[in-house]
Each structure stands twice: as structure tokens, then as C-alpha cells.
Amino acid sequence: MSPDFRVGLLGHGTVGGAFAVSLPRHADRIERVTGLRPVLSGIVTRSEGSFDELLERSDLIVELIGGIEPARTYVVRAIEAGRHVVTANKQLLSHHGEELWELARTQGVQLRFEGAVAGVVPVIRVLQESLAGATIDRIHGIVNGTTNFILSEMATKGVAYGDALAEAQRLGYAEADPAEDVDGSDAAAKMAILARLAFDTPVHFDQVRYEGIEHIQPDDLEYARDLGLGLKLIGTAERIDGGLSVRVHPAFLYGRHPLASINGPFNAVTVESDEITEVTMSGPGAGGPQTASAVLGDVISAMIPPASTPATSERLEIVQDVSSAFYLHLEVADEPGVLATVAQVLARHEVSVKSVVQKGLGDQARLVMVVHPVLESKFAGATAEIAELSVMRAPPRAIRVLEEEFV
């Protein structure tokens, strides 16, 4: 009979509940692999149970409460008590990761967090282990399955944002309060973690620029199809001129981009480096059982030590102003010379037009265009000036475009 390995669980929501079911279901297989039998030693939630008692009878703590507090306090106390910790809490790590990783190194315990990013896609383990010897140039991808499902519904069914969100909630892909998903902050927290691992540089949540998908309109997707584009919420971390840019925003992709075909509640992450060229990983990213599976994988890994927690070896400066192509949607007066007027403004700000489509008549008149890559600051200056033109009937709408096309 193998000795027990006692796992204490913090949180019993969607992911915590799925983990509590999964652990005993897979106990026999885990025992064969590790020589230890995992048992659930107890569950503590925000309103029920004693953390002191749970800590006393656990060898490892799984933190699935979410948020900053009391999660941070519990994790710190567990590490200081010499317990391994597994967490799926991206907000906690993106705000306090350096403190927690340093504490884990000092105490000689493991702090594992595969479930914090991209569901079952093993991007954390790949960065920490498989690609540990590579110099990463860029990591980008779809790291929020909820928003990817919503955008897929809008694109394929032509439904409005609110209807697509309601469907995501009905299917369990979105929480009752979906704010962190749809405003981009969930993806921003994940990109802070990935950037920290890929570039050995401390990245705090506040250093990640992010935008959400709430402003996306069905006609944006319709017009973009005429230009051969599809829409995703993209997170990017990349080296730029000796610095590091980390950002999250909606972006149009051309059809041959490796992320363009990722639809529904799926995640995908692409890692680029001179040593490896490019590696793309994809899989389910939204849902309790999917995240619980990643958490269980971390528990198994912690049962087979050793594993290191990430240390900082370089500090890249954070770059804010980067170049991007843009989709620009303008509701304009139906009169001669409008396109020429807009073109003059763009030229003054060194913005070059790649393609343009004129749509509708009268109150439905639109100019929809894609511009070549330009510094975001210059494009922002151009759109601010365009917004003041007398021919404009509504504020300009702009969405970034990823220019890469792959054969």
C-alpha cells in the first residue's frame, strides 16, 4: 500500500469542484506513476472551513479561490510552512509573482501554475523545460477561451456581442460576471506571467496594455471578411529594440496566420525563436474540467520533485509605443471629397493606406480601410484629427491587424 500524499483544496467553485472530482478518479493511475496515493485532505472556501487545520493535514495546497486576497495570504502561509503549492490564479501571480517565487525558492518548495494560463495547453511547462535553452523573440496567442468563443459566434452566426456573451454564459464558458474576460484583463494577467517566463524579466500586471472586445460590432466582422480578415483577442510579448512590449488587444488576422483557424472556446500560443523557428500549441481554454486537468498535472509534477521556480536573469525595459497595421472604420457624410480629406489627414501623420472599401449610401455611408504598419502614437494622432472632421457622423473605430501571412 503506497503512502498517502495529502492535497488540501482552497476553493470549490467551477474549477475547484471539477478538481475535487478528478483527483480521486485518477488516484490509481497517479499512484502507479508516483508511488504515492493522492487523497483530498479537506476543502476550505471563503466562507467555510479552517485554513489552519487544512494546512496541518496537507502536504500540498491547491489554491483555486481566485482573486488577490485571501489567496495571497494563504499561499504565503503554505509556502512558509514548507508545503508545495499549485495555483491557477493568474491575477495573484501577475501582481505578486516575484514575491511568491522568491519565497518558494527560499523555502525549497514548488510553486506550480500551469492552470493559470491557456487551460490544458502546456505552455508554462514548455517554456520552463522544453524551451529553457532557447532565446525567445516573441510569444503571442489566444489565451482567453471565453472571448474567442464570443468572437467566433459573432463571426459565424452574425449575432450581436450581447447575444454571443449570453450563449457563452449558458454553456459555462463565461462567468455570471464576465468583466475580466471581455475587458481583456484576464488575458493581460496571463500575458504578464508568460512574458515573465519567456524573457526572464519581472512583468507586473500594470505594465501590460490591454483592450477588450466590448466595442466590437457585427459590421466590423462583416466588412473585415471583405478584406480577407478574421478577428481574435491576441496577447503578445516580444523583444523590440532591446526592450520588451507586452500587450493584449483585438486583432484581425489573415487566413493563413496559424492562429486564424482557432475557433470556439480554444486557446493557442505561438512561441518564436531563432533556435526553434516557431512552435504553436493549442487546446481547450475555457471551462472547469479543462483547467482542473492542468491543475491535476501540476499536482502530479509536484509529487515527483525536484522542479525549480523561475528566477530573474535579465531586466528588459518595457516598450509602450509599437508599430501595428490597423483596420479603420469611419461613418462619414455621403458627399464628394470625403475619402480625399481623410487621406490627407492620414498622410500628415505618415499613415499609409493598404486597402479601402466604400460601403453604403446616405446615413449608411462607410469608409473601411486597412493601413500599413505604423507607430501606434502616429495612428492615434491621425484618428484623433479625423474624429474632429465635419464629415464624421460617429467616432472612428480602429482594430489592430496582424500582417503576417503564412504559406
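The values are calculated or read from the model by the stated rules, or taken from the named source; none is laboratory data. Not measured: the values here are computed from a predicted model. Don't worry about glycine lacking a Cβ; one is built from the backbone with ideal geometry, like all the others, and counts go over all protein chains shown. SASA here: full protein model, heavy atoms, side chains in, ligands and nucleic acids out. Shrake-Rupley method; radii C 1.70, N 1.55, O 1.52, S 1.80 Å.
A few notes on this one:
- Within the range 151-168, the set of residues being among the charged types (D, E, K, R) and either more than 27 Å from Pro122 (Cα to Cα) or assigned to a loop (DSSP other than H, G, I, E, B) (or both) comprises Lys157, Asp163, Glu167.
- Within the range 1-47, restricting attention to residues that are acidic (Asp, Glu) and in a helix (DSSP H, G or I), the residue that is least open to solvent (accessible area, probe 1.4 Å) is Glu31.
- Selection from the range 325-381 of residues that are open to solvent by 70 Å² or more (accessible area, probe 1.4 Å), among the polar types (S, T, N, Q) and closer than 15 Å to Asp226 by Cα: Gln358
- Gly66 at pLDDT 95 or above and assigned to a loop (DSSP other than H, G, I, E, B): no
- With respect to being under 19 Å from Glu211 (Cβ atoms) and β-branched (Val, Ile, Thr), Val401 fits the description.
- Residue that is modelled with the lowest pLDDT [pool: residues in the range 260-279 that are open to solvent by 10 Å² or more (accessible area, probe 1.4 Å) and of a type in the set (A, V, I, L, M, F, W, C)]: Ile276
- Inter-residue pairs, beta-carbon under 7 Å, first closer than 15 Å to Phe199 by Cβ and in the range 128-143, second among the aromatic types (Phe, Trp, Tyr), 6+ apart: Ile136/Phe199
- So Lys232, is it on the phi < 0 side of the Ramachandran plot, open to solvent by less than 20 Å² (accessible area, probe 1.4 Å) and touching a Gly at 6+ places or on another chain (Cβ under 8 Å): no
- Residue match in the range 127-150 (condition: part of a loop (DSSP other than H, G, I, E, B) and out of contact with any strand residue (DSSP E or B) (no Cβ under 8 Å at 6 or more places or on another chain)): yes
- Identification of helices (runs of 4 or more DSSP H) wholly contained in the range 169-228 with 2 or more residues that are of a type outside the set (Gly, Ala, Ser) and surrounded by fewer than 16 Cβ atoms within 10 Å (Cβ to Cβ) yields 218-226.
- The range 280-317, subset crowded, with 17+ Cβ neighbours inside 10 Å and in a strand (DSSP E or B), residue modelled with the highest pLDDT: Ser282
This table checks each residue for (1) among the aromatic types (Phe, Trp, Tyr); (2) at positive phi; (3) in contact (Cβ under 8 Å) with a residue 60 or more places away in the chain; (4) open to solvent by less than 10 Å² (accessible area, probe 1.4 Å).
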| site | (1), (2), (3), (4) |
| --- | --- |
| Gly49 | no, yes, no, no |
| Leu64 | no, no, yes, no |
| Tyr74 | yes, no, yes, no |
| Val85 | no, no, no, yes |
